[in-house]
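Report on the structure given below.
The values are calculated or read from the model by the stated rules, or taken from the named source; none is laboratory data. Predicted, not measured: the structure shown is a model, and the values here were computed from it. Virtual Cβ from ideal backbone geometry, glycine too; neighbours counted across all protein chains shown.
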Protein chains: 2
Amino acid sequence: MKATVHIFLKAGVLDVQGKAVEGALNGLAGTAGWSDVANVRVGKVLEFDLKSTDKASAEAEVKSMCEKLLANTVIESYRIEVA
Amino acid sequence: MKATVHIFLKAGVLDVQGKAVEGALNGLAGTAGWSDVANVRVGKVLEFDLKSTDKASAEAEVKSMCEKLLANTVIESYRIEVA
């Protein structure tokens with residue numbers, strides 16, 4: 001099965017990378033008109049293959065990976081898709 | 001409108017971050033059984049708001065942002081979702 005994990009900083013945590021991207025996009029507005037971009041959040045996305053063929057067990061496995069290794073759950077939230 | 005941009009290294013480009021995550025997941029296999037993880041790819045995901053209300057023009061705008069600022073199109077590919 002193919003798993004996709006999205007990891008974002010939680011809503012209350014300042015996303016400095018997102019702010020930088022927003023500033024860069026707004027700064028280019030003179031030439032391209034991107035001043036209407038707001039609330040940029042930058043996250044990570046991981047895609048990988050799993051041997052498991054059972055969707056429920058695969059989801060539980062990926063959840064365990066996120067809790068233990070992939071995400072820093074103190075400041076990050078994650079979203080799992082298994083297909 | 002809300003735009004989501006996924007940016008991944010192109011298929012032929014070595015994804016060292018993905019290899020590191022794969023190694024870490026496999027290395028924890030003794031305790032958690034994650035030796036069945038393969039082909040890990042790590043990418044970036046950007047979410048932001050746009051003032052534009054027309055889907056086609058918003059998509060064109062985001063495509064332009066990707067080409068000019070967000071993605072390094074020599075080694076990275078991107079996927080746009082506007083909703």
For the structure I just gave you, tell me whether residue B:76 is of a type in the set (Asp, Glu), modelled with pLDDT of 95 or more and more than 24 Å from residue A:76 (Cα to Cα). yes
Suppose we filter B:40, B:82, B:62, B:5 for residues that are crowded, with 20+ Cβ neighbours inside 10 Å and within 25 Å of residue A:52 (Cβ to Cβ); which single one remains? B:40
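Listed here are the residues, each with its yes/no results for (1) touching a residue at least 24 places away in the same chain (Cβ under 8 Å); (2) under 21 Å from residue B:28 (Cβ atoms).
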residue	(1), (2)
A:3	yes, yes
A:7	yes, yes
A:10	yes, no
A:14	no, no
A:23	no, no
A:57	no, yes
A:60	no, yes
A:70	yes, yes
A:75	yes, no
Only listed residue being among the aromatic types (Phe, Trp, Tyr) and under 12 Å from the mean Cα position of the chain (by Cα), chosen from A:48, A:8: A:8
Index of the failed condition, residue B:53 passing every other in (1) among the β-branched types (Val, Ile, Thr); (2) touching a residue at least 12 places away in the same chain (Cβ under 8 Å); (3) within 23 Å of residue A:65 (Cβ to Cβ): (3)
For chain B, please list each of the helices (runs of 4 or more DSSP H) lying entirely inside it that holds at least 1 residues being of a type in the set (D, E, K, R) and more than 7 Å from every other protein chain (Cβ to nearest Cβ). B:16-27, B:55-65
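Residue by residue, here is whether (1) among the acidic types (Asp, Glu); (2) in contact with a strand residue (DSSP E or B) (Cβ under 7 Å, 6 or more places away or on another chain) holds:
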| position | (1), (2) |
| --- | --- |
| B:18 | no, yes |
| B:23 | no, no |
| B:49 | yes, yes |
| B:52 | no, no |
| B:57 | no, no |
| B:66 | no, yes |
| B:69 | no, no |
| B:80 | no, yes |
